[in-house]
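The values are calculated or read from the model by the stated rules, or taken from the named source; none is laboratory data. Computed from a prediction, not measured in an experiment: that's the story for all the values here. For neighbour counting, all protein chains shown are included, and Cβ atoms are generated from backbone atoms with ideal geometry for every residue, glycine included.
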Amino acid sequence: MQRIPMTSNGFEALQAELKVLKSEERPNIIAAISEARSHGDLSENAEYHAAKEKQSFIEGRIAELEDKLARADVIDTSRLAGKTVKFGATVKLTDEDSGESFTYKIVGEDEANVKEKKISIASPIARAMIGKEEGDTAEVSAPGGAKSYEIVSISWK
């Protein structure tokens with residue numbers, strides 16, 4: 001069974017989503033299905049079919065979250081340090097072609113959010129940076145061609 005790396009914040013967010021699905025969404029959809037059943041003929045009942053579809057989605061998401069939480073490898077990023085890029089690092093990069101700078105934190109797949117400057121450990125750019133040190137170049141295969149980024153700094157905030 002493959003472990004899934006995530007920060008404690010990511011783990012707590014998944015737990016909170018699971019709790020909402022089980023304690024609020026599931027009972028609401030059961031009530032909606034019951035209400036739709038009371039309207040009669042189920043073969044032509046659009047409310048019933050929509051509610052059953054939503055129930056299927058909710059149950060699938062619950063199963064997915066339970067699996068991820070069971071396989072979670074929670075990493076306390078506040079205790080990490082070092083000179084090489086690894087999970088939990090905040091890395092400042094410079095695009096060697098354009099000179100543009102970026103700062104990203106490497107997090108678990110479910111926590112990734114480019115707007116918050118968090119990238120997944122499984123993303124091509126994160127994979128290219130893992131194990132590199134300040135001053136090294138990370139080569140990334142992008143859809144538009146290969147890109148080179150210089151690792152300017154590594155921090156553990």
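Overview of values
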{"read-out": "Verdict on E59 being more than 28 Å from G131 (Cβ to Cβ), within 21 Å of the chain's Cα centre (by Cα) and free of Cβ contacts under 8 Å to residues at least 60 places away in the same chain", "value": "yes"}
{"read-out": "Selection from region 43-56 of residues that are modelled with pLDDT under 85 and either exposed (fewer than 13 other Cβ atoms within 10 Å of the Cβ) or within 23 Å of the chain's Cα centre (by Cα) (or both)", "value": "S43, E44, A46"}
{"read-out": "Pair list, Cβ < 9 Å and 6+ apart or interchain, from region 23-36 residues that are more than 13 Å from S56 (Cβ to Cβ) and in the same structural domain as R61 (by TED's automatic domain parsing) to residues that are at pLDDT below 85 and polar (S, T, N, Q)", "value": "A36/N45"}
{"read-out": "Region 1-27, subset of a type outside the set (S, T, N, Q) and loosely packed, with under 14 Cβ neighbours inside 10 Å, residue farthest from the chain's Cα centre (by Cα)", "value": "P27"}
{"read-out": "Subset of region 128-157 [at pLDDT 90 or above and surrounded by fewer than 10 Cβ atoms within 10 Å (Cβ to Cβ)]", "value": "none"}
{"read-out": "Condition broken by A63, with the remaining ones in (1) surrounded by 13 or more Cβ atoms within 10 Å (Cβ to Cβ); (2) within 17 Å of D110 (Cβ to Cβ); (3) not β-branched (V, I, T) satisfied", "value": "(1)"}
{"read-out": "Number of positions in region 130-150 that are in contact with a strand residue (DSSP E or B) (Cβ under 6 Å, 6 or more places away or on another chain), in a loop (DSSP other than H, G, I, E, B), in contact (Cβ under 8 Å) with a residue 40 or more places away in the chain and on the phi < 0 side of the Ramachandran plot", "value": "2"}
